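Asker: Below you'll find the structure I mean.
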Amino acid sequence: MRAVALNCTLKKSPEPSNTQMLADHVLTALREQGVESTTFRLADLSIPPGVESDLGEGDDWPQVRRAILDPRSSSWRRPPGWGTRRRSRSARSSGWTA
């Protein structure tokens, strides 16, 4: 089994992120149970708005999408209602899996 964490913070690396600290805590517990894990910090990626699975060169969404759709994966993210801009980034991440 694999876990995929979508970190929807607005802060780019290496700025500290409470969301990343929470993800790290959860993923550490999962790794102790033998679960492989991957974290995507969406603020660090180039994910343009759109409804296509791949918008071409420079679009980082396809790698995130592949990880989410992997049948061995379970993905999670924080609730989308925490602030306007955060909600937008989080809503995009949950709506672009088609």
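Laboratory data are not the source of any read-out in this text; all were calculated from the coordinates shown. Note that this is a predicted model, so its numbers are computed, not measured. Here Cβ is always computed from backbone atoms with ideal geometry, including for glycine, and neighbour counts include all displayed protein chains.
Asker: Relative to the present Cα-Cα distance, how much length would full extension add between residue 36 and residue 60 at 0.36 nm per residue of separation?
Answerer: That pair, residue 36 and residue 60, stretches by 6.5 nm at full extension.
Asker: With each pseudo-label sitting 7 Å past Cα toward Cβ, what's the residue 26-residue 46 distance in nm, one decimal?
Answerer: Distance between the two pseudo-spin positions: 2.9 nm.
Asker: Write down the Å³ per residue value for the convex hull defined by the alpha carbon atoms of the stretch 1-48.
Answerer: Cα-based convex hull of the stretch 1-48, divided per residue, equals 68 Å³.
Asker: Using Cβ counts within 10 Å as a stand-in for footprinting exposure, how do 52, 32 rank, fewest first?
Answerer: On the way: 52 12, 32 8.
If I rank by nearby Cβ atoms, fewest first, I get 32, 52.
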